[in-house]
Amino acid sequence: MSAVRRSAVVGLSAIMVLSGCAAPSLDSIPLPAPSVGSDSYTLTATFANALNLPLKAKVRLGGADIGEVVSMQASDYTAVVTMQVREGVELPVGSLAELRTATPLGDVFVAVQPPAEPGPALLADGDTLGLGSTASAATVEAVLSSAAVLVNGGVVRDLTKVVNGLGRAAGDNGDTFGDLVRQSNRLADTLSGRSDQIQSALDDTAALIDTMNSRQESINELLSAASPALGAVDTRQLTDLVGTVGNMSAQLSKFPSLQGTDTRSVVADLNALSGAFNDVVLSPDTSMVAMNRMLPPVVKATSGTAIGAEATMAKLALGNWPDIGYLGDPQFHGPKRADWHFLVGSLKYTLFRLQERVVGQGPS
C-alpha cells in the first residue's frame, strides 16, 4: 500500500471515529429536579379533595418554601399526600394544612399554618395530619361558577334595584331623607327638652318600686289572708255567670242601636211612627167609618165562648225574610218600605204592558 493510500485510510477512520463520538446537544442533557435534599423529614396529610395538586408541589409556611409533595394516593375515598419538609423547620402539633393557589389560574400548593396557641410538642418524622387538620381550596371551576351566579343570577340586578329604590325613596335632591333627618332632630330636641320630666317619671317609678319592696311583707300577708276567701269561691258558678253575661250581651247586640250608630235606630223609628200618627190626626180626610164597620162583626164574634171568622187571602208580601242588615230577631220583621216600591213597580209594569196591548204603544 502506498503512503498516500495509507494516509487516506487513516484519515477516513479518524473521521468515522469522531463522527460516532460527537458531543451531546442541550435537549438531551437532563435538568436537575428541585428537591429539599436528604436532610428532611416526612409528613402525611389526608385531604378530602386534592384536585389539581401536582407532584413536586411546594409546601409553604408563611409564603416561604419549606418542602414539596413527593407522592399522592387514594385511601378510603380520601387523598393521602406525602410531603418532605426541610430539616430544621419546626412545626407545632395542631398545625393545619390547606390547599391554596397563589393566583386564580396558578398552581396549587400546600400551605401549612401553625395553631393560634402553639404548644411545646412538635411534628416529627412520620406524623399524619388527619381530615380535621386539612382543608381544600376552592377550585377554578367553583370560583368561575360562583362568579357566573353572581353576575347572571340576579344578585347585581337586585342590588341595583335596591340602590335605585333607596334613591327614589330619598326624593328629589334628597328632600325626603332631609325631612326624615329634620323630624329626627325635632324628636331629639323634644326629648331633650323634656329630659327633666322623663327623669322625674323615672324617679317616681323607682320610688314606687322601693315602696313596694319595703312593704313586701304586708303584701305577702294580704295574699295569705285572701287565699282562703279565694278558695271558698266556686269557680264553676263564676264560669256560669260569665257565660250568662256573654249570652245576654249577644242577645242585646241583636237590638237596633239607640243612638243611631247602626243601620237602624230605635229613636229614629219612634220619630217616624210619631210623625205618621201626627199626620193621621191632622189630616182632614181622616175617618173612622171603616173601623166602625169592623166593630159589629168583632163584637158578635167575641160575644160567645168561641170565635169564628172567614177570610180570603190572595197574596201576602212579607218582605225580605230575614233581612241580612237587620241585627234584631228576623221573625219579628215585616215588610219594608222597599217592598211597597217593588209592588208599585209591578203594577206599573202590568199597566204598561196592558197599554201596549190596547193602544199599541208604550208610555215612551
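Scanning the range 43-63 for residues being outside any strand (DSSP E or B) and either surrounded by 13 or more Cβ atoms within 10 Å (Cβ to Cβ) or not basic (K, R) (or both) gives a total of 11. Any residue that is open to solvent by 50 Å² or more (accessible area, probe 1.4 Å), among the polar types (S, T, N, Q), in contact with a strand residue (DSSP E or B) (Cβ under 7 Å, 6 or more places away or on another chain) and modelled with pLDDT under 90 - is there at least one of those in the range 35-42? No, because not a single residue in the range 35-42 is open to solvent by 50 Å² or more (accessible area, probe 1.4 Å), among the polar types (S, T, N, Q), in contact with a strand residue (DSSP E or B) (Cβ under 7 Å, 6 or more places away or on another chain) and modelled with pLDDT under 90. Restricting attention to the range 118-162, the residues being at pLDDT 85 or above and of a type in the set (S, T, N, Q) number 3. Among the conditions (1) assigned to a loop (DSSP other than H, G, I, E, B); (2) closer than 19 Å to K58 by Cβ, P120 misses just one, which is (2).
The requirement of being crowded, with 18+ Cβ neighbours inside 10 Å, modelled with pLDDT of 90 or more, β-branched (V, I, T) and under 14 Å from L99 (Cα atoms) is fulfilled somewhere in the range 64-74, by at least one residue.
Taking the criterion of being over 60 Å from the mean Cα position of the chain (by Cα) and modelled with pLDDT of 75 or more, the residues of the range 243-286 that qualify are S274, G275, A276, F277, N278, D279, L282, S283.
The values are calculated or read from the model by the stated rules, or taken from the named source; none is laboratory data. Because the structure is a prediction, the values reported are computed rather than measured. With ideal geometry, Cβ positions are generated from the backbone for all residues, glycine too; neighbour counts draw on all protein chains shown. For the accessible areas, the whole protein counts, side chains as well, though only heavy atoms, and no ligand, DNA or RNA atoms are used. Shrake-Rupley method; radii C 1.70, N 1.55, O 1.52, S 1.80 Å.
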